[in-house]
Amino acid sequence: MSHDQSFPPPAAWARDALVDRRRYEDLVALEARDPDAFWREVAGRLDWETPFTKVKDVSFDLTDFRIRWFEDGRLNASVNCIDRHLAARGDQTAIIWEGDDPAASRRITYRELHRQVCRMANVLKRRGVRRGDRVTIYLPMIPEAAYAMLACARIGAIHSVVFAGFSPDSLAGRINDCDSRLVITADEGVRGGKRVPLKANVDEALEHAPGVETVLVVTRTGVATSLKAGRDFVYEAEAAEVADDCPAEAMGAEDPLFILYTSGSTGRPKGVLHTTGGYLAWAAWTHEAVFDYRPGQVYWCTADVGWVTGHSYIVYGPLANGATTLMFEGVPNYPSLSRCWQVIDKHQVEIFYTAPTAIRALMREGEAPVARTSRRSLRLLGSVGEPINPEAWLWYHRVVGEHRCPIVDTWWQTETGGILISPLPGATTLKPGSATRPLPGVKLALVDADGRPLEGAGEGNLCLTDSWPGQMRTVWNDHERFLQTYFSTYPGKYFTGDGCRRDADGDYWITGRVDDVLNVSGHRLGTAEVESALVAHPKVAEAAVVGFPHEVKGQGIYCYVTLKAGEQPGPALEKALVDWVRREIGPIATPDVIQWAPGLPKTRSGKIMRRILRKIAEGDTANLGDTSTLADPGVVDDLVARKRLEP
Ligand code: 6R9
């Protein structure tokens, strides 16, 4: 199949888009001529209680490091997402909630959202939460997840949302790292017809998180849960006792809005910290420009609020723009493979934003489940989370969008807060598999291993040479780690961890992570996290984990495991280890392959040579490269021989 096709904007898009070719060029020109004016325009879309006078104060120089945007301005994120819309669109739907059960859905207006968020804010205050305190949110995809985030924002508390698929142990680690004293959870979650015991998970987590004083339990299924007296409270009972109005705290633009934990190449997950003004401005501006969002349109991002995509493009960006945002509790294949397209027809969704892994999984099932539905309401499709292979892109374009809908392939990260590289649907010629160009104001560089910038076409490591308002400001409690991780590899530049190619037209093609971060079904996972879960098992002596290409997940998890002396490998232990990792981290970390390894390939200084392990996992054993620096080259032959025995 030829992959060098390109798709210019359809005529109606080129004519009617918010950002057409002309507007795009004007923005680029404005940014080049007067960057402050451009950024003032970006941030000017927000309501500022005290307008900012300073736009930007940034230095990536480690001796004089700072990232500050709009710093003397004051605002409140929940006011920007709710209150300011009340006069014009109080009765408009803010959130469409679509339940796991197709018979269950709800519409929440901006007025209702205001009441609900105020109530939750008052409950938090009554339970002692103050400005600057951390609140951990461990909720399924129910409106209360958005209420909880916005309630924290309203009173100046810092939320830390933990994906409800994470294990009790992962939850405890994240609670402890930021010293949350209050956790908001639900009795149970419901996904794909199955119940998830969230409150029971919290109980287990709290055995290892002694600092938590209060747990608020939202009722989702009504199942009986054990409530610890003085610690656990049923949310609805609490909410019935407080007022449904709550004044909003005026926050500095650089005051923290939230922490979100994400995986890196080493160690435990990092608490990525985002601040109020810059983050919200960038989330809102990019949501409007990239998705061509117009008031009244129904917009659906399928991410979970536990990931950054849910933060920026289900909650903050859309609500700051007064949008109607759809929140889906379920999964794409329940109760049938047509579910997404049925939801689109049911709610007349115009903009649909999902991950390549979902597209590939549905593509495998053929066109019939799609063809059974209308999808006439769709105007625009989006992709995020991992590189999209051209086959999946073309299927999405032809089968789902019927050639009518442009696809925006949006590249960004938890750290970037919002989209940095993406087509603009009315201005950009699309190429399947390419995220195309940086947005106006985004300064990219590709560098070689020595940090030398590449000019023209070529492949290198993707860096940003200057800041943008949505950039993370620090790692919670570990600023040194922030500087070390992102700014020390290539001095003066933010290093993304991604490899990237630039073609002769100047379009960018992300090739994937160049570090030890896995991307499994669009979820970030550190190889070190899986390794440390494995070695925590009493029978395991050592483990090395690498990614390998996986048809649906993008990457699968391949584990080399060395057992302790006297332990016998076998299918029963293999299953036990897979279950163990699921329990330690969560189902997203389920290993795909366990290979028994009597020894691991190491350099003479004891470093595991992952390059070789990756090659073996990929099945590319003919190209193992130079193995002469290994302490014991025989180890490799042994692993290769065992690999061949695998079914
Ligand atoms: C938003 C999000 C970030 C990593 C990133 C990159 C990969 C995300 C992509 C993409 C190719 C895209 N990634 N979007 N790769 N094309 N459109 O996913 O954040 O979970 O932090 O992951 O995901 O490798 O570095 P996060």
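Points to keep in mind about this one:
- Per atom type, region 288-407 shows carbon and sulfur on 52% of its accessible surface, probed at 1.4 Å.
- Contour minus Cα-Cα distance for ARG130 and GLU207 (0.36 nm per residue): 25.3 nm
- Sites listed here are GluC sites (Glu not before Pro) in region 409-462 whose DSSP assignment is loop and whose Cβ has at most 13 other Cβ atoms within 10 Å: GLU455.
- With each label modelled as a point 7 angstrom along the Cα→C-beta vector, the LEU30-ASP638 pair spans 6.5 nm.
- With Cα atoms as the point set, the radius of gyration and Dmax of region 106-249 evaluate to 14.1, 40 Å.
- Think of a 1.4 Å ball rolled over the protein heavy atoms: the chain then has 38 Å² of accessible area per residue.
- Structural descriptor for the chain: relative contact order 13 percent, calculated from alpha carbon pairs under 8 angstrom and at least 6 residues apart.
- Between VAL552 and ASP16, the simple label model (points 7 Å from Cα in the Cβ direction) yields a spacing of 3.7 nm.
- Neighbourhood charge, 14 Å Cβ-Cβ cut-off, centred on CYS118 and excluding it, Lys, Arg +1 and Asp, Glu -1: -2
- FRET efficiency estimate (nearest 0.05) - Cβ-Cβ, GLU455 to GLU391, R0 22 angstrom: 0.10
- Mean separation of Cα contacts under 8 Å (6+ apart) over length of region 106-249, as relative contact order %: 28
- Legend note: in the chain, cysteines whose Cβ sits 4.7 Å or more from every other cysteine Cβ are CYS81, CYS152, CYS178, CYS301, CYS340, CYS405, CYS463, CYS500, CYS559.
- Segment ALA87-ASP72, length gained on full extension (0.36 nm per residue, minus Cα span): 2.7 nm
- In region 77-209, the portion of solvent-accessible area held by carbon and sulfur atoms comes to 44 percent [1.4 Å probe, whole percent, DNA, RNA and ligands not counted].
- Other residues lying with their Cβ under 13 Å from the Cβ of ARG364 contribute a combined charge of -2, Lys and Arg counting +1, Asp and Glu -1.
- The helix-based estimate of mean residue ellipticity at 222 nm for the chain, built from -39,500 (n - 2.57) per DSSP H run of four or more residues and divided by its residue count, is -8500 deg cm²/dmol to the nearest 500.
- From the alpha carbon centroid of region 272-303 to that of region 466-539 is 22 Å.
- With Cα atoms defining each centre, region 330-377 and region 153-196 are spaced 28 Å apart in the structure.
- Pairs exceeding a 32 Å alpha-carbon distance, out of LYS553/LYS607; LYS56/LYS431; LYS56/LYS553; LYS346/LYS443: LYS56/LYS431; LYS56/LYS553; LYS346/LYS443.
- Apportionment of accessible area to carbon and sulfur, region 455-558, percent (1.4 Å): 49
- The eigenvalues of the Cα gyration tensor, multiplied by 5 and square-rooted, give the chain an equivalent ellipsoid with semi-axes of 36, 31, 26 Å from largest to smallest.
- Computed label-point distance, nm, for sites THR53 and THR266 using a 7 Å Cα→Cβ extension: 4.4
- Region 49-88: trypsin sites (Lys or Arg not before Pro) in DSSP coil with no more than 16 other Cβ atoms inside 10 Å: LYS54
- Helical segments meeting 15 Å axial Cα length and Kyte-Doolittle -0.5 threshold in the chain (DSSP H): 143-155, 277-291, 571-584, 634-645
- Total formal charge among the other residues, if their Cβ is under 11 angstrom from that of PRO269, Lys/Arg +1 and Asp/Glu -1: +2
- If R0 equals 56 Å, the separation of the Cβ atoms of ARG294 and LYS607 corresponds to a calculated FRET efficiency of about 0.55.
- On full extension, the segment bounded by ASP179 and ASP626 gains 156.2 nm, given 0.36 nm per residue less the C-alpha separation.
- Cα-centre dipole for region 515-642 with unit charges at Cβ (Lys and Arg positive, Asp and Glu negative), debye to 20: 160
- Applying 1/(1 + (r/R0)^6) with R0 = 22 Å to the Cβ-Cβ distance of ASP245 and THR219 gives a FRET efficiency near 0.40.
- Value of relative contact order over region 515-642, rounded to a whole percent, pairs C-alpha under 8 Å and six or more apart: 21
- Partner lysines for LYS125 [C-alpha distance under 24 Å; skip if fewer than 8 residues away on the same chain]: LYS199, LYS228
The values are calculated or read from the model by the stated rules, or taken from the named source; none is laboratory data. What you are looking at is a predicted structure, and each value in this text was computed from that prediction instead of being measured. No Cβ is skipped: glycine too gets one built from the backbone with ideal geometry, and neighbour counts run over all protein chains shown. Note: accessible area is taken over every heavy atom of the protein model, side chains too, but ligands, DNA and RNA are not part of it. Shrake-Rupley method; radii C 1.70, N 1.55, O 1.52, S 1.80 Å.
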